[in-house]
Amino acid sequence: METAEVLEVMRDAIYVLILISAPMMIVALIVGLIIAIIQALTQIQEATLTFVPKVLAMLVVLVLTLPYMVDQLTSLNNRLYDRIVHIE
């Protein structure tokens, strides 16, 4: 493999990583902002209060988006196998 091919594989893998992690990160951001607004309104300044809702929300999103994630990883895997076949 040449440098350009390695960079293309790395770029593709990073792109898939971003696609897979984006739904959970966005949900964690939204839940964190909502909890922060509630804390500011009620003046409850407990740092650990945001963790449980974030974890539960991310778990729900993980379960809902798991087929999409597996599909993306399978597609990446197939593209990598195709590259291996073309090299030999």
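If the requirement is being aliphatic (A, V, I, L, M) and at pLDDT below 90, which of these qualifies: Ala28, Ala40, Ala57? Quick ask: steps written out before the conclusion?
Numbers: Ala28 fails: at pLDDT below 90; Ala57 fails: at pLDDT below 90.
Just one listed residue meets the conditions, Ala40.
With Thr42, Thr65 as the choices, which residue is β-branched (Val, Ile, Thr), farther than 25 Å from Ile87 by Cα and touching a residue at least 40 places away in the same chain (Cβ under 8 Å)?
Numbers: Thr42 fails: touching a residue at least 40 places away in the same chain (Cβ under 8 Å).
After ruling out the rest, the residue left standing is Thr65.
Filter region 59-88 for residues that are within 13 Å of the chain's Cα centre (by Cα) and either closer than 17 Å to Ile14 by Cα or of a type in the set (Phe, Trp, Tyr) (or both) and give the result.
Within region 59-88, Tyr68, Met69, Val70, Gln72, Leu73 meet the criteria.
Looking at region 1-39, which of its residues are of a type in the set (Val, Ile, Thr) and farther than 22 Å from Leu80 by Cα?
Quick first cut of region 1-39, residues of a type in the set (Val, Ile, Thr) only: 3, 6, 9, 14, 16, 18, 20, 26-27, 30-31, 34-35, 37-38.
The answer is Ile26, Val27, Ile30, Val31, Ile34, Ile35, Ile37, Ile38.
Could you please find all residues in region 5-39 being of a type in the set (Asp, Glu) and touching a residue at least 40 places away in the same chain (Cβ under 8 Å)? Can you show your working first?
First, pick out the residues of region 5-39 that are of a type in the set (Asp, Glu): 5, 8, 12.
Across region 5-39, the qualifying residues are Glu5, Asp12.
The values are calculated or read from the model by the stated rules, or taken from the named source; none is laboratory data. This one's a predicted model, so the numbers in the text were calculated from it and none came from an experiment. Neighbour counts are summed over all protein chains in view; Cβ atoms, including those assigned to glycine, are modelled from backbone coordinates with ideal geometry.
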